[in-house]
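*Asks:* Mind looking over this structure? Questions follow.
The values are calculated or read from the model by the stated rules, or taken from the named source; none is laboratory data. If you're wondering where the values come from, they're calculated on a predicted model, not measured in any experiment. Cβ sites come from the backbone with ideal geometry, for glycine too, and all protein chains shown count toward neighbours. SASA here: full protein model, heavy atoms, side chains in, ligands and nucleic acids out. Shrake-Rupley method; radii C 1.70, N 1.55, O 1.52, S 1.80 Å.
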Amino acid sequence: MYTINTQLAYFNCSFNSKRLILNLKWFRLDKADSSSLNALCFNSTELEQFQAFIGQNPLNFPGQSFVEPTKIEEFVFFINGNVPQGILSFYPVLSKNADTDTHPSIHQVMKIVLTDENYQPAAHYTLDFDVIGKIEICRNAK
């Protein structure tokens, strides 16, 4: 079982994400409900598929990616209604299904769209599983 760390740039979501670069730890999204997010580590096949997607989209995933083997298979992120609505409490989701909706009461979970340099939709997520990122560092591009 594995997690993967990448940078993320050039994406759109419900707030102004222009010029943001995020360092994320990615998981496979299993399910979301009103109080928690269940995320699974990638198996080797999913890891290879996600790494190939990252390699095909270097503008959106600049820099190197780092794979971390883990013995823990499932992660649960508990959602507290009192969490401030800041960037670090935001969990970006990539999904190929346009109609995939996270639980509406979880404001921290937002579907993102990968864009080009002009922030116009560009790269389409094509994998058969959804992924969710946990933000570890957020900074503005220079």
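*Asks:* Is it fair to say Thr100 is at pLDDT 75 or above and either over 18 Å from Thr3 (Cα atoms) or surrounded by fewer than 12 Cβ atoms within 10 Å (Cβ to Cβ) (or both)? If you could, list the steps in order and put the result at the bottom.
*Replies:* Working: at pLDDT 75 or above: no; either over 18 Å from Thr3 (Cα atoms) or surrounded by fewer than 12 Cβ atoms within 10 Å (Cβ to Cβ) (or both): yes.
When the stated conditions are applied, Thr100 does not pass them.
*Asks:* Would you check which residues across the stretch 36-63 are assigned to a helix (DSSP H, G or I) and not acidic (Asp, Glu) and list them?
*Replies:* Narrowing the stretch 36-63 to residues assigned to a helix (DSSP H, G or I): 44-56.
Correct list: Ser44, Thr45, Leu47, Gln49, Phe50, Gln51, Ala52, Phe53, Ile54, Gly55, Gln56.
*Asks:* Right, here's the next one. Being open to solvent by less than 60 Å² (accessible area, probe 1.4 Å) and either modelled with pLDDT of 65 or more or under 17 Å from Cys13 (Cα atoms) (or both) is the requirement here; does Gly133 meet it?
*Replies:* Numbers: open to solvent by less than 60 Å² (accessible area, probe 1.4 Å): yes; either modelled with pLDDT of 65 or more or under 17 Å from Cys13 (Cα atoms) (or both): yes.
Taking the combined requirement at face value, the residue satisfies it.
*Asks:* Say we look at the stretch 51-86 and pick out the residues that are among the aromatic types (Phe, Trp, Tyr) and modelled with pLDDT under 65; which of these is most open to solvent (accessible area, probe 1.4 Å)? Please lay out each step first, then the result.
*Replies:* Going through the stretch 51-86, the residues among the aromatic types (Phe, Trp, Tyr) turn out to be 53, 61, 66, 75, 77-78.
Cutting the leftovers down to modelled with pLDDT under 65 gives us 77-78.
Numbers: Phe77: 25, Phe78: 161 Å².
Selected residue: Phe78.
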